[in-house]
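Structure first, then comments.
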Ligand SMILES: [Zn+2]
Ligand SMILES: [Zn+2]
């Protein structure tokens, strides 16, 4: 009732501009949720006129496919940047929910068992107060009616960590030590791995490898924005 009164006095406006209306106004919704280019189903890079992907031809990934909301540009870029601040949590959830609602058939066709965010380094999570990938994932999971599982998926940085070690330490630090071992809760699961930006795809690839090693049957990636180079993403 109180909220109803408040809405009368201050009509809710678009989350991204001052236009009155709930969630997203027609203009922002169209700018945000309509990808003007077709994207590669394997790596989410923008496809050229001949529909063959110059980016991932010959490359092997541990994930089974990538969906993107759009290109890291314009309004989507603004949204991704806003999600890096503490007040972006609601926006992240609503973007995820609207995306899943609009692309429901594509998501449902994957026969997903759960969604999972790409983890944020704990130090960054502490300073930001939340993980933006988790907020987006929560919105998607709620809309699709699948559970959101935030397993302690390691940031598998075995190669970077290995480089910092001396040779003797490297040998004592077996390959794959950072990947999860078989996890009964993941065996046979079809996971939707959610992140905000994909640049090289290496972060998602490493996470997908860890999930597969833990027993996941399939890993699909949902990224808000696909960037090319010069952008700070994984
Ligand atoms: Zn708007
Ligand atoms: Zn590709």
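The values are calculated or read from the model by the stated rules, or taken from the named source; none is laboratory data. What you see is a predicted model; the values in this text were computed from it and never measured. Cβ coordinates were reconstructed from backbone atoms using ideal geometry, including for glycine residues, and neighbour counts include every protein chain displayed.
Conditions: (1) farther than 19 Å from residue 43 by Cα; (2) part of a helix (DSSP H, G or I); (3) touching a residue at least 40 places away in the same chain (Cβ under 8 Å). Residue 84 meets all but one. Number of the miss?
(2)
Here are some residues: 91, 76. Which one is in the same structural domain as residue 194 (by TED's automatic domain parsing), in a helix (DSSP H, G or I), within 15 Å of ligand 1 (Cβ to nearest atom) and in contact with a strand residue (DSSP E or B) (Cβ under 6 Å, 6 or more places away or on another chain)?
Numbers: 91 fails: in contact with a strand residue (DSSP E or B) (Cβ under 6 Å, 6 or more places away or on another chain).
One residue alone meets the criteria, 76.
Select, from 53, 17, 43, the only residue that is at pLDDT 90 or above, out of contact with any helix residue (DSSP H, G or I) (no Cβ under 9 Å at 6 or more places or on another chain) and part of a loop (DSSP other than H, G, I, E, B).
43
When you go through 18, 105 one by one, which is the residue that is loosely packed, with under 11 Cβ neighbours inside 10 Å, more than 19 Å from residue 228 (Cα to Cα) and assigned by TED's automatic domain parsing to the domain that holds residue 137?
None of the other options fit; the residue is 105.
Condition first: assigned to a loop (DSSP other than H, G, I, E, B) and either within 30 Å of residue 13 (Cα to Cα) or within 16 Å of ligand 1 (Cβ to nearest atom) (or both). Now tell me which residues in the range 24-40 satisfy that.
First pass over the range 24-40, keeping only residues assigned to a loop (DSSP other than H, G, I, E, B): 24-25, 34-38, 40.
Within the range 24-40, 24, 25, 34, 35, 36, 37 qualify.
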